1. Could you list which residues have their amide H under 5 Å from that of L87, counting only those 5 or more apart in sequence or on another chain, with H placed in the peptide plane?
2. Which loop-located GluC sites (Glu not before Pro) does the range 115-185 contain, where loop means any DSSP state but H, G, I, E or B and the Cβ has at most 15 other Cβ atoms within 10 Å?
3. What order do you get for S36, S108 when you list them from fewest to most C-beta neighbours inside 10 Å?
Amino acid sequence: MRENWRIKVSALAGASALAFSALTVTPALAEDAVDSLQEVQMPADVKIVEGVAPEAGTDLPSFEPEADAPSAVQASAKAVPSANTCLGSTAAYGVKGCLQHNRDIVWSGDTKKDGMSAAVGVYTDYGRAAEVCINKLGVNTWATCDKDYREAGNVRLRVLRYDGDTGKFYQPETWSGWIPVDGKY
């Protein structure tokens, strides 16, 4: 009887710890309200690139989460996605980012009217200096940063907010997984 009590208490303590850790480390989702943004220190060598508006007639990624996610069939087939597919779609409060693999275009979408800009950091697995693509075009817009990444490499995206007046970055932030530059998962 005493042994059953210990098992129940252990299970309850473990579940409580897991729930608490999920609450404390879960980033704010793109649609979550944020009371106060927290400043993020970026390394001094990170290059900031101002994104440009996409050309007229360009197929834009969707601001909807499910529209950019590859289907299970695509992921399991390990096929190259279509040319306009935006890979690694990642979102946090006020920002959405992804990579268009066929032209190495980083997309930075601003989803909140809060006086800040969307920022999408790009990190490689082969040592190239990190860069951040900033969207200063306003809410509900996409900006692009055209890059040339090593086709055999992978990139990882980091989305967060940017205050152009102060030059500071703010969280909540979210990271994508590693995205193959050639689009082949």
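1. HN-HN under 5 Å from L87: L99, Q100, H101.
2. For GluC sites (Glu not before Pro) across the range 115-185 that sit outside H, G, I, E and B with at most 15 neighbouring Cβ atoms in 10 Å, the list reads E151.
3. On the way: S36 5, S108 30.
In increasing order of surrounding Cβ atoms, one gets S36, S108.
Each value in this text was obtained by applying a stated rule to the coordinates, not by laboratory testing. These figures come from a predicted structure and were not determined experimentally. All Cβ positions, glycine included, derive from the backbone under ideal geometry; neighbour counts span all protein chains shown.
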